[in-house]
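*Asks:* Following this message is one structure expressed as structure tokens.
The values are calculated or read from the model by the stated rules, or taken from the named source; none is laboratory data. Here the structure is a predicted model, which means the values were calculated and not measured. Here the Cβ positions follow ideal geometry from the backbone for every residue, glycine too, while neighbour counts run over all protein chains shown.
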Amino acid sequence: MSLLADLQLIVGLGNPGNEYNNTWHNIGFMFIDYLKNQLQEEFVIINKKEYELVYYPDLKLNLVKPLKFMNRSGEVISEIIKFKEIQPDQILIAHDDLDLKFGEFKIQQGRYPKSHNGILSIHEKTGETNFHYLRIGVETRDEEMKDKFRGEDYVLSQVPKEKTDKIEGLFKQILKSLKNNQ
């Protein structure tokens, strides 16, 4: 059995608004968009003020992009979890991670970055931490650039074209890992 088959909810973290499209912080949103294009199943789209949800009845899988700012993601996720009656171990949260270099990723359960505002919001509002986390590496700065370009500013910067072209290949590797339970 694959992890993907065991999941009922995949959350992609990001910020709403055109000014945040194609920023490092929205790589979770990008991953949800990639999955929507890859899953070849019937689906239902539910657009609400607080979120975009794509439901695949045959897979019993929900893909969600919270449409509140990152630090308020937990408000949306806690409501969806209650409404759909989903357990924490059936949830994968896809998010940017500055502790990993661009091109790297980790899928872990119960292990997460301690300083990610979206993750902290979800923990606070749900009272849970035993989710699966898809930590997508976004770090491209060298040590000198880290001194000049704080992490908070960096993740809100645009992904350069040469990196954008590599994201789909990264997502393909991630999907393969989710299917193969690696």
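*Asks:* Can you tell me which residue is surrounded by the fewest Cβ atoms within 10 Å (Cβ to Cβ) among those in region 101-129 that are closer than 24 Å to Leu67 by Cβ and among the polar types (S, T, N, Q)?
*Replies:* The qualifying residue surrounded by the fewest Cβ atoms within 10 Å (Cβ to Cβ) is Ser115.
*Asks:* Right, something else. For region 130-181, what are the residues that are over 15 Å from His25 (Cα atoms), among the hydrophobic types (A, V, I, L, M, F, W, C) and surrounded by 13 or more Cβ atoms within 10 Å (Cβ to Cβ)?
*Replies:* Phe131, Leu170, Phe171, Ile174, Leu175, Leu178
*Asks:* Give the residue that is nearest to Phe29 (Cα to Cα), with candidates limited to residues of region 99-112 that are among the basic types (Lys, Arg) and modelled with pLDDT of 90 or more.
*Replies:* The qualifying residue nearest to Phe29 (Cα to Cα) is Lys106.
*Asks:* Six or more apart or on different chains, Cβ atoms under 7 Å: show the pairs whose first residue is in region 13-32 and at positive phi and whose second is of a type in the set (Val, Ile, Thr) and not in a loop (DSSP other than H, G, I, E, B).
*Replies:* Correct list of pairs: Asn22/Thr164.
*Asks:* Separate question: Consider region 130-140. How many of its residues are among the aliphatic types (A, V, I, L, M) and closer than 16 Å to Pro66 by Cβ?
*Replies:* The total comes to 1.
*Asks:* Right, another one. Taking the conditions exactly as written (among the basic types (Lys, Arg) and out of contact with any Asp or Glu (no Cβ under 7 Å at 6 or more places or on another chain)), does Lys106 satisfy them or not?
*Replies:* Yes; evaluated as a whole, the condition is true for this residue.
*Asks:* Report every pair of residues separated by at least 6 positions or lying on different chains whose Cβ atoms are under 6 Å apart, first residue within region 101-129 and within 26 Å of Lys172 (Cβ to Cβ), second basic (Lys, Arg).
*Replies:* Partner pairs satisfying both residue conditions: Lys106/Arg135.
*Asks:* Restricting the search to region 1-48, which residues are touching an Asp or Glu at 6+ places or on another chain (Cβ under 7 Å) and modelled with pLDDT under 95?
*Replies:* Listed by number, the residues that qualify are Glu41, Glu42.
*Asks:* A further question follows. Among (1) in a strand (DSSP E or B); (2) more than 20 Å from Ile136 (Cβ to Cβ); (3) in contact with a helix residue (DSSP H, G or I) (Cβ under 6 Å, 6 or more places away or on another chain), which single condition is Glu124 missing?
*Replies:* Of the numbered conditions (1) in a strand (DSSP E or B); (2) more than 20 Å from Ile136 (Cβ to Cβ); (3) in contact with a helix residue (DSSP H, G or I) (Cβ under 6 Å, 6 or more places away or on another chain), the odd one out for Glu124 is (1).
*Asks:* Can you tell me how many residues within region 147-180 are part of a helix (DSSP H, G or I) and closer than 26 Å to His132 by Cα?
*Replies:* 20
*Asks:* Shifting gears a bit: Looking at region 29-52, is at least one residue surrounded by fewer than 17 Cβ atoms within 10 Å (Cβ to Cβ) and within 30 Å of Glu143 (Cα to Cα)?
*Replies:* For region 29-52, residues surrounded by fewer than 17 Cβ atoms within 10 Å (Cβ to Cβ) and within 30 Å of Glu143 (Cα to Cα): absent.
Okay, residues lined up against (1) small (Gly, Ala, Ser); (2) at pLDDT below 95; (3) under 15 Å from the mean Cα position of the chain (by Cα):
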{"residue": "Pro66", "(1), (2), (3)": "no, no, yes"}
{"residue": "Met70", "(1), (2), (3)": "no, yes, yes"}
{"residue": "Gln87", "(1), (2), (3)": "no, no, no"}
{"residue": "Leu134", "(1), (2), (3)": "no, no, yes"}
{"residue": "Glu152", "(1), (2), (3)": "no, yes, no"}
{"residue": "Phe171", "(1), (2), (3)": "no, no, yes"}
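*Asks:* With respect to the numbered conditions (1) part of a loop (DSSP other than H, G, I, E, B); (2) touching a residue at least 24 places away in the same chain (Cβ under 8 Å); (3) more than 26 Å from Arg150 (Cβ to Cβ), which one is the sole condition not fulfilled by Leu53?
*Replies:* (1)
*Asks:* Of the residues Ser115, Ser78, which is among the hydroxyl-bearing types (Ser, Thr, Tyr) and either part of a loop (DSSP other than H, G, I, E, B) or closer than 23 Å to Trp24 by Cα (or both)?
*Replies:* One residue alone meets the criteria, Ser115.
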